[in-house]
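The structure appears right after this line, and notes come after that.
The values are calculated or read from the model by the stated rules, or taken from the named source; none is laboratory data. Note that the structure is predicted; figures quoted are calculated from it, not measured. Ideal geometry is used to build each Cβ from the backbone, glycine not excepted, and the neighbour counts take in all protein chains shown.
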Amino acid sequence: MKHERSFGERLLRGSGIVMSIFGAVETVIFIVLTGLLIVANGATVSLFSGSREIIGAAAFLVAAIVELIAGILGARCAKTGAGVKPCLVLGVLSLGLTLLSLMLIGRKFDLLTGASLVICAVMPIVYLYAAFRTQKERTA
């Protein structure tokens, strides 16, 4: 008998797949761009201008990896019926790290930084909503 997935499970699976793709692409892009910056600047020039940017760049890389893991877990959870709590924890962590990295890397808060915050926060927020909804549907 085929299991009919609830709305929350379908949304969790879809957002998990999208987050997995985004997380993988962000990780690869970060590594390639960092390598290009190192090659272009050479060893004599600082890669980032201050500790704030270094922490922001590290937070961005960790956020991309967490987003990749959260996406895989979300898709697996929706498909197999596994527990939702790891999805909730990784979703909150992904959202927090994404917001932290964007605030630290941005030099000043302007329209572009605000737009980046909104755009980059959309998928983790949808993912968290789907995880909460899935948890609620499974306990009902």
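Brief remarks on what is shown
Conditions (1) over 20 Å from SER20 (Cβ atoms); (2) under 16 Å from the mean Cα position of the chain (by Cα); (3) crowded, with 21+ Cβ neighbours inside 10 Å; (4) modelled with pLDDT of 75 or more, marked per residue:
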{"position": "LEU47", "(1), (2), (3), (4)": "yes, no, no, no"}
{"position": "SER51", "(1), (2), (3), (4)": "yes, no, no, no"}
{"position": "ILE55", "(1), (2), (3), (4)": "yes, no, no, yes"}
{"position": "GLY81", "(1), (2), (3), (4)": "no, no, no, yes"}
{"position": "SER94", "(1), (2), (3), (4)": "no, yes, yes, yes"}
{"position": "GLY106", "(1), (2), (3), (4)": "yes, no, no, no"}
{"position": "VAL122", "(1), (2), (3), (4)": "no, yes, no, yes"}
{"position": "TYR127", "(1), (2), (3), (4)": "no, yes, yes, yes"}
{"position": "GLU137", "(1), (2), (3), (4)": "yes, no, no, yes"}
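- The range 16-45, subset of a type in the set (Ser, Thr, Tyr) and within 30 Å of THR80 (Cβ to Cβ), residue modelled with the highest pLDDT: SER20
- Selected residue (criterion: modelled with the lowest pLDDT) from residues of the range 57-79 that are more than 17 Å from GLU26 (Cα to Cα) and buried (at least 21 other Cβ atoms within 10 Å of the Cβ): ALA78
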